[in-house]
Structures are given as structure tokens and as C-alpha cells.
1. Pairs please, first residue from segment 92-104 and free of Cβ contacts under 8 Å to residues at least 40 places away in the same chain, second anywhere and of a type in the set (Gly, Ala, Ser) and not in a helix (DSSP H, G or I), Cβ atoms under 6 Å, 6+ apart in sequence or on different chains.
2. Against the definition (touching a residue at least 60 places away in the same chain (Cβ under 8 Å) and under 18 Å from Asn182 (Cβ atoms)), how does Val125 come out, yes or no?
3. Taking Phe58, is it surrounded by 15 or more Cβ atoms within 10 Å (Cβ to Cβ) and either in contact (Cβ under 8 Å) with a residue 60 or more places away in the chain or part of a loop (DSSP other than H, G, I, E, B) (or both)?
4. Between a residue in segment 166-189 that is on the phi > 0 side of the Ramachandran plot and outside the structural domain of Leu154 (by TED's automatic domain parsing) and any residue that is modelled with pLDDT of 90 or more and surrounded by fewer than 17 Cβ atoms within 10 Å (Cβ to Cβ), which pairs come within a Cβ distance under 9 Å, given they are 6 or more apart or on different chains?
5. If you go through segment 26-38, how many residues are loosely packed, with under 13 Cβ neighbours inside 10 Å and more than 25 Å from Asn70 (Cβ to Cβ)?
6. Sort through Ser145, Ser89 and tell me the only one that's modelled with pLDDT of 95 or more, crowded, with 20+ Cβ neighbours inside 10 Å, under 22 Å from Leu175 (Cβ atoms) and outside the structural domain of Leu40 (by TED's automatic domain parsing).
7. Just checking, which of Gly10, Gly5 is part of a loop (DSSP other than H, G, I, E, B), under 24 Å from Trp184 (Cβ atoms), within 16 Å of the chain's Cα centre (by Cα) and small (Gly, Ala, Ser)?
8. What residue, of Thr17, Thr13, Thr47, is free of Cβ contacts under 8 Å to residues at least 60 places away in the same chain, more than 27 Å from Asn172 (Cβ to Cβ) and of a type in the set (Val, Ile, Thr)?
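The values are calculated or read from the model by the stated rules, or taken from the named source; none is laboratory data. Remember, it's a predicted structure, so these values are computed and weren't measured experimentally. In this analysis, Cβ positions are derived from the backbone assuming ideal geometry, glycine residues included, and neighbour counts consider all displayed protein chains.
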Amino acid sequence: MLRLGIDIDGTVTDPKTFVPYLNKSFNRNLNFEDLNQYDLTKVLNITDVDFWNWMNEFEPIIYKEAPLANHAKIVLDEWKTEHQLLFISARRKHLLDITYNWFKEKDLFYHHIELIGSHDKLEAVKSHEISIFFEDKHDNACMISEEHDIPVILFNTPYNQDPIPKGVIRVNDWLEAKQWVNGWYDKKVL
């Protein structure tokens, strides 16, 4: 049984989730492909203060309404009896009830949910003895893979196109992630 560490936003939720909220709030006409940096202050050309004021207002709404990423539920439902599903997110802790409610509404199983309020997931990965991590943020994927010597599945987005080290595996969706994990796990078990 693998201990799967899984980011939530942009990984289990559709990475395009933020686009309509950004367009409406900032009077923009952005496409998902325009989000070519993880740091939205650079994409929107706004200050950190303006961004966090916006996040404080819209983050709960966005997380409550976020759609699932393609094939996420199908794959995670298959894995829920085979592996431990440990969701580790940079979401801030005050969003825990919204997060639990979202999982319930989406009928998405979990063994554990942890909101760490920071993008530094290294300690959580270590303390939960994660076997494979699933992420959309490039630098997180690289740090986790290199620090803990585990594979990290990086979900392909416009904002994570920098080169990746050997331990980071780029996939386009959950079906590709499943295929890679199943092949890797079969080799380890044999």
C-alpha cells in the first residue's frame, strides 16, 4: 500500500478554476494559457497586498465551487482501497471546513486532509512518510522529489513549464498519472 501525498488546488481541482474569477474581478479576458506563471501578481500586474485582499474575499468561494480535475474522481476512487490518500495543501487552515465540505459534496474519499497554510510541504511529506506526491506547482514538485528522493507527479499546466529533474514525472491528467503509478508500483512489488 502506497502513501499518496496529493495537493488539492490545480491537482485534484481543475487548474482552470481561477480563470473566470480573475477575469470578472480584474476586468480581464485571460485564457488558461495566459497563466504562464504561478505567481498571479505577475500575470495580473498587481501588488501582493491587492492580490491577498482579493484572495481573502474570493478564496472561500473559489474553493467551494471548484470543479474536479478531469478523471480525478475515477482514479482516486480506484485507489482508495489500494493506497492511503493523504491530501496536503497550501490552503490556509481557516479553510478547513470549506475543504471538508467540498470533499463531501464531490463524494471524494480521503484518509487524511492537512492544510499547512504554506507552499513548503517538505515537513508534511516527511512526517506522513509519503511514497509518491502529486503536485501542480513546479518548485514544490522539484523540492519534494529532491529532498525526499520520491517520485512526484507534476500535472502539466502553463505555469509549470520550467525544466524538471529526473524524479519529477510530467503528466497531462489523472489517467496518465494512474498509468505511471501502476507501472511503478508493479515494478516495486515484483
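1. What qualifies is Arg92/Gly117; Lys93/Gly117.
2. no
3. Answer is no for this residue.
4. No pair meets every condition.
5. 1
6. On inspection, the qualifying residue turns out to be Ser145.
7. Only one candidate qualifies: Gly10.
8. On inspection, the qualifying residue turns out to be Thr47.
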